[in-house]
Structures are given as C-alpha cells and as structure tokens.
DNA sequence: ATGGTCGGGCGCCGA
C-alpha cells in the first residue's frame with residue numbers, strides 16, 4: 001500500500017501534474033494540500049476516470065485538503081472536534097483498514113506573530129484529536145505539509161534554520177515531538193539517515209536549482225504500522241516539470 | 001536568504 005502526501009499549491013493549476021503522477025506511480029492513497037478549490041469545483045469525475053475516489057473539503061483562494069484512494073473511502077471527517085476553524089486544513093478517512101489523516105499545518109509566517117500563535121494552538125488541538133483517532137483506529141498514518149522540519153538533517157542550512165526561525169523553531173519542533181510521542185514514527189527516518197533530502201524549495205532565488213530546501217512534508221505511521229513500513233521517500237520528479245508546485249510528493253510503502 | 005517567485009484574482013495577501 002503506497003500512501004503519499006503532496007502540497008499541490010492550487011489543484012486548478014496542478015491537475016495535469018497530479019494526473020500524470022498518479023499514472024506514473026499508481027499510489028493507493030494520496031493526501032493533497034492547498035487545493036484552493038471550493039467543493040463544487042473539485043475534479044472528482046476526472047479523478048474517478050483514473051481509478052481514484054476522492055474526499056475533499058476546500059475553500060476559495062486558500063487551504064483546501066483532499067484524500068484520493070483506489071479503495072473505498074469511509075468515515076470522512078473534516079473538522080477537529082472542539083476546535084472551531086474556518087480554515088479547511090484537515091481531512092481524515094478510513095481506507096483499506098487504515099485511518100488516513102491529512103494535515104495542512106499552519107505556516108506561521110514568522111516566530112512571534114499572530115499566525116505563529118495560531119499555528120501552535122492549532123497543533124495542540126490537532127494532537128489531542130489525533131490521540132483519540134489513534135485510540136479508536138490503531139493503524140493510523142498522518143500525512144501532510146507539516147510546515148516543520150524535524151531536525152538539522154532536514155534543512156539545507158541549520159545556521160539559518162535554527163531554533164528561533166519559522167519552520168524550525170523550538171516550539172514548533174516541540175509540538176511535532178508531542179505528536180510523535182503519542183506513538184508515531186516519521187516513516188522516512190525509519191529507513192533513511194541521510195541529510196539533504198528535501199520536499200519543499202522556495203520559488204524564489206532559484207532555491208530548487210541550488211537545492212536550498214527543507215523536508216517539511218511527512219508521513220507518520222503509528223506503532224501498529226511501524227513493522228510493515230518497507231520504504232519511504234520524496235519523489236522529486238514532478239518538481240522538475242514545467243510550472244511545478246513548490247513541494248514534491250512524500251510517500252511511504254506499507255506491506256499491507 | 002526579511003525575499004529575487006508563485007497563485008489567486010485584480011490590489012495585494014499568503015506562502
């Protein structure tokens with residue numbers, strides 16, 4: 001079972017990329033972020049023709065998340081209980097006996113801003129909710145654009161991306177750690193120790209050409225799935241295509 | 001790398 005996470009930065013623009021990539025890699029489940037589409041504009045018919053069912057929740061201009069799957073999609077949830085939020089950043093569903101959670105974590109702009117405080121509050125609420133999901137379902141994969149790089153191996157320049165910088169600050173990494181402490185594992189790190197494998201490169205300053213990136217797109221597997229992870233990685237190929245998203249897909253393979 | 005680029009949608013915000 002191949003499960004992927006991809007921030008497409010507008011599904012309207014990236015639909016051809018998504019379709020090409022689905023044909024190439026044949027993933028079983030894909031979690032999309034930043035679809036930026038209202039629900040009535042979601043291309044579910046076109047995706048069904050490629051063999052993918054979809055569950056989605058979106059809004060105009062910002063955010064928007066979706067789960068695509070070759071299997072049936074059950075028990076879809078699009079709101080974090082007891083956390084009122086107009087921003088469409090979360091969707092969860094059960095596919096093939098695995099609880100799939102898809103997060104578009106708040107970016108946070110800069111340390112100390114209102115958006116940063118919202119990011120930390122949001123992560124706290126989401127972590128509480130995921131604890132319940134894990135207790136209920138056991139086999140859980142949390143996929144998403146986390147907007148947090150776990151450690152120094154995941155940034156091109158640890159001097160800049162330090163404990164007081166957005167995406168790497170101590171409070172953000174602490175919030176990610178509290179999620180991991182529920183009994184989750186960064187699938188990529190179960191299989192690979194290397195530094196310099198990134199999933200996001202800023203559009204500005206030719207960052208991709210110079211590989212000035214961060215690994216902020218993650219697949220976290222629950223304890224119950226740890227031993228069935230066969231591999232994980234980042235597929236850089238779509239980042240080389242014309243008019244790419246600034247993110248590349250992060251994937252995990254499970255022997256299920 | 002305090003922004004040199006994108007996307008959305010028409011002036012400028014968000015990433």
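The values are calculated or read from the model by the stated rules, or taken from the named source; none is laboratory data. Bear in mind the structure is a predicted one, so any value in this text is a computation, not a measurement. Note that each Cβ is placed from the backbone with ideal geometry, even for glycine, and that neighbours are counted across all protein chains shown.
Mind telling me which of the residues A:102, A:107 ends up being outside any loop (DSSP other than H, G, I, E, B) and either within 15 Å of DNA strand B (Cβ to nearest atom) or within 28 Å of residue A:175 (Cβ to Cβ) (or both)?
Details: A:107 fails: outside any loop (DSSP other than H, G, I, E, B).
Matching residue, one of A:102, A:107: A:102.
Considering only residues of the stretch A:181-219 that are buried (at least 16 other Cβ atoms within 10 Å of the Cβ), touching a residue at least 12 places away in the same chain (Cβ under 8 Å) and within 12 Å of DNA strand B (Cβ to nearest atom), which is farthest from residue A:128 (Cα to Cα)?
If we take residues in the stretch A:181-219 being buried (at least 16 other Cβ atoms within 10 Å of the Cβ), touching a residue at least 12 places away in the same chain (Cβ under 8 Å) and within 12 Å of DNA strand B (Cβ to nearest atom), then A:208 is farthest from residue A:128 (Cα to Cα).
Answer with yes or no whether residue A:143 is more than 10 Å from DNA strand B (Cβ to nearest atom), touching a residue at least 24 places away in the same chain (Cβ under 8 Å) and on the phi < 0 side of the Ramachandran plot.
yes
Would you check which residues across the stretch A:225-249 are in contact with a strand residue (DSSP E or B) (Cβ under 8 Å, 6 or more places away or on another chain) and under 23 Å from residue A:137 (Cα atoms) and list them?
A:225, A:226, A:228, A:229, A:230, A:231, A:232
Out of everything in the stretch A:218-241 that is in contact with a helix residue (DSSP H, G or I) (Cβ under 6 Å, 6 or more places away or on another chain) and part of a strand (DSSP E or B), what residue ends up being farthest from residue A:189 (Cα to Cα)?
Checked the stretch A:218-241; the qualifying residue farthest from residue A:189 (Cα to Cα) is A:222.
All but one of (1) away from DNA strand B (no atom under 14 Å from the Cβ); (2) in contact with a strand residue (DSSP E or B) (Cβ under 6 Å, 6 or more places away or on another chain); (3) under 23 Å from residue A:238 (Cα atoms); (4) not in a strand (DSSP E or B) hold for residue A:35; which doesn't?
Evaluating residue A:35 over (1) away from DNA strand B (no atom under 14 Å from the Cβ); (2) in contact with a strand residue (DSSP E or B) (Cβ under 6 Å, 6 or more places away or on another chain); (3) under 23 Å from residue A:238 (Cα atoms); (4) not in a strand (DSSP E or B) leaves (1) as the failure.
Could we say that residue A:154 is under 17 Å from residue A:187 (Cα atoms), within 10 Å of DNA strand B (Cβ to nearest atom) and crowded, with 20+ Cβ neighbours inside 10 Å here?
no
If you scan the stretch A:64-80, which residues turn out to be closer than 17 Å to residue A:38 by Cβ and in contact with a helix residue (DSSP H, G or I) (Cβ under 9 Å, 6 or more places away or on another chain)?
Passing the criteria: A:64, A:66.
For (1) over 18 Å from the mean Cα position of the chain (by Cα); (2) near DNA strand B (Cβ under 10 Å from one of its atoms); (3) crowded, with 23+ Cβ neighbours inside 10 Å, each residue gets a yes or a no:
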site	(1), (2), (3)
A:2	no, no, no
A:7	no, yes, yes
A:13	yes, yes, no
A:20	yes, no, no
A:24	yes, no, no
A:40	yes, no, no
A:46	yes, no, no
A:61	yes, yes, no
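Scan the stretch A:169-180 and give yes if some residue there is modelled with pLDDT of 95 or more, surrounded by 18 or more Cβ atoms within 10 Å (Cβ to Cβ) and closer than 19 Å to residue A:30 by Cα, otherwise no.
The answer is no; no qualifying residue exists.
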